[in-house]
Every structure is written in structure tokens, then in C-alpha cells.
Amino acid sequence: MQSFASELMKNLLCILVFIGLLPGAARGVDFDASLLSTCLQLADKPQNEQLRSELLEHEHIRLISGNLPRHADMSYDQISSNKNRLQLYSNALPALEAGLPALTEQATELLGPNIATEDLSIRIVCGVAYDAFGFRKDGETLLFANLPLINPDFFPHLMRHEIWHVAYRKLHSETAKTYESAPSALKRLSFIMLNEGVGHYYSIRRRLEPTIVYDNWQERTDALFELLNKNALQLASAIPPEEQEDILWTSQAGVPFWKKWGATTGGVITYRLRNKLGTKTVRQLIAAGPCAFLSNYHKEAAQMQDWQNIPDKLVAAACQQQ
């Protein structure tokens, strides 16, 4: 275990040294790890009532409970079973914090240069239901990172994913509002495929560039696009709104990564468009919104033998005027 921990820390620090050397203006991102000491103590004594109370009464957990109750389901076993991971973080967090400006630069590269995220606060938590999530409160975006569920060497990739969401919504709030409130479930899906899609591209980018490392890439993507087509067809049928929402939820959450038929599919689309059209063109597509993003993929996929296409009805819904 000691050698494993040493190797993991070595790999993590190499990643952080690398991102710290990347170009990019420093950005003001607040980073609050004040809960980590309690998490570490609970990892040793998960049954201790005083420590449990300290955790539940901490500002971070109270904010989650008050704003995203479903995310606040507490697991003390999650904390204790990941004691070694938490200990690694206790040493690595200063380097992680120092690397945030460079991560922010990378996370916003598909939006354009100098995208400000000064209203972002990253808060370290443990024991909650999901690995990372956030919301806006009092003019500030709060992003919570649940360390027991995040491998330390994946932390930078996850932060790019989440910082992308913050920056995209800030820059394109009207697009988000229009699509997320659309009566058409397929139109709402098209926004998930752009917003969550780019985020999921950042999650798997290290395994796609400079070369794809999956030995079953075609099978993975075939299954993913097959799920998209199946569920899009169901969303296009006359089903109750509650059933629509349940289906849409599985497009981005509550299922394994390669079954997120909206979000991960959007990540594959982002990768393919960027690889074929270049960063500048993909920036323009993203700025134009889900219609441009998906319709351009639809057009390109028709000419690419190894690209699975997306349903015509989905593209039509994305481009439908509300």
C-alpha cells in the first residue's frame, strides 16, 4: 500500500507540475478545504458522533442540504473506506490549488480567451452522494468536490469538466435558459448534449488525445449511439412529462459513464468535431448553441464512415424556434 500511495502521489504531482507550467493568466478562484480535517478524522473514527455532528453542521454540508437535498445523503462508510485517498489529498491540495489558474484556462479554451470565473468557489467535501456538482447562490457559483469519490490523478480532469460548466453558463445564460425551459424533451436533450457533452469530453480527453487508447472504441461508441437513438425515439413519442424527465436524467446521471447516452455521446461529438474542424470552428459552433453544434455533427457524420449519426428528429428539435 505504501508503494502504491507513493507512486500515485508521484503521478499526481507530475500532472500538477505540468499544468502549473502551462500559459494562462491567473484567475481568482476561491478554494476552501476547511472541511478536510474533519473528513480525515472521520476516516479513522466513522462512528464518532461528535465528528459526525461537526461534518453535518459545517457550512459546506449545510449549503448542499439546503440547495440540493438529494446530493446531501451522507455515507460515513464512503469516508472510512477511502481513508488512504483522503490522506493523499491532505498532501496534494496545496499543489492542486496552485494549479487552478491553468486548469481554468484549459477548461474555457472552447469558449475563447480570457473567460472570467472570479465568482467561482471550489469547496472540498466528503461523504455526499456525487463526486462533483455545484449551484449558484448570492451571485457566486459554488462547486463541491467530494474527495472520497475522486481519484487524485483524475482531479484535474474533473475540475476542467466542472469549471467548463460554470464558464459556459455564465457566458451563455440565455441559451441555457431557453433550452432548459423548452417544452420539447428532445430540445432539452440537445442542450444536455452540448453542455454536458463538452464537460464529458474533458473527462475522457486524456484517453483520446493524442491517440485513442480504448481497444474497443468502435464497440463503445456503437453502443452509446444506439442508446441515444433508442431513447430519443422514446422521448419523441407521446409519454407523460414525468417519464420524459426520468429518461432525460439517465442521459447524464445515475448510470455508468459509458451509458450516459446524452452526455458521453456529446463528449464523443465534441472530440470528433474538434479533431476534424479545429478549435476555432468548434468555438463558433458552441457559441451558436445546440442547433449549430448538433446539425454540423449530423452533416459531418453523413460523410464519415466510422462516425455514428444522430436522429434527424433530435437535430430538428434542437433547431426548432420556440
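The values are calculated or read from the model by the stated rules, or taken from the named source; none is laboratory data. Just so it is clear, the structure is predicted and the values come from calculations on it, not from any experiment. Heads up, the Cβs are rebuilt from the backbone with ideal geometry, glycines too, and the neighbour counts pull from every protein chain shown.
Restricting attention to the stretch 276-289, the residues that are part of a helix (DSSP H, G or I) and in contact (Cβ under 8 Å) with a residue 24 or more places away in the chain add up to 6. Filtered by the rule that a residue be at pLDDT 95 or above and surrounded by fewer than 12 Cβ atoms within 10 Å (Cβ to Cβ), the stretch 243-255 gives a lone residue, 245. Restricting 92, 25 to those that are of a type in the set (A, V, I, L, M, F, W, C), part of a helix (DSSP H, G or I) and at pLDDT below 95 reduces the list to 92.
Just one of the numbered conditions (1) in the same structural domain as residue 38 (by TED's automatic domain parsing); (2) without any contact (Cβ under 8 Å) to a residue 40 or more places away in the chain is not true of residue 165: (1).
Applying a threshold of 9 Å to beta carbon distances and a minimum spacing of six or more residues, or different chains, the list of pairs starting in the stretch 290-301 at a residue that is assigned by TED's automatic domain parsing to the domain that holds residue 194 and ending at one that is charged (D, E, K, R) reads 290/187; 297/272; 298/312; 300/272; 300/276; 301/272. Closer than 29 Å to residue 139 by Cβ, part of a helix (DSSP H, G or I) and either within 21 Å of the chain's Cα centre (by Cα) or not small (Gly, Ala, Ser) (or both): does that describe residue 178? It is true that residue 178 is closer than 29 Å to residue 139 by Cβ, part of a helix (DSSP H, G or I) and either within 21 Å of the chain's Cα centre (by Cα) or not small (Gly, Ala, Ser) (or both). Within the bounds of the stretch 211-223, is there any residue that is of a type outside the set (Val, Ile, Thr), under 30 Å from residue 102 (Cβ atoms) and modelled with pLDDT under 95? No, the stretch 211-223 contains no residue that is of a type outside the set (Val, Ile, Thr), under 30 Å from residue 102 (Cβ atoms) and modelled with pLDDT under 95.
Of the residues making up the stretch 299-322, those that are in a helix (DSSP H, G or I) and either surrounded by fewer than 20 Cβ atoms within 10 Å (Cβ to Cβ) or in contact with a strand residue (DSSP E or B) (Cβ under 9 Å, 6 or more places away or on another chain) (or both) are 299, 300, 301, 312, 313, 316, 319. Step by step: first the residues of the stretch 120-142, then only those that are surrounded by fewer than 16 Cβ atoms within 10 Å (Cβ to Cβ) and acidic (Asp, Glu), then the one that is nearest to the chain's Cα centre (by Cα). Which residue is that? Only one residue tops the list, namely 140.
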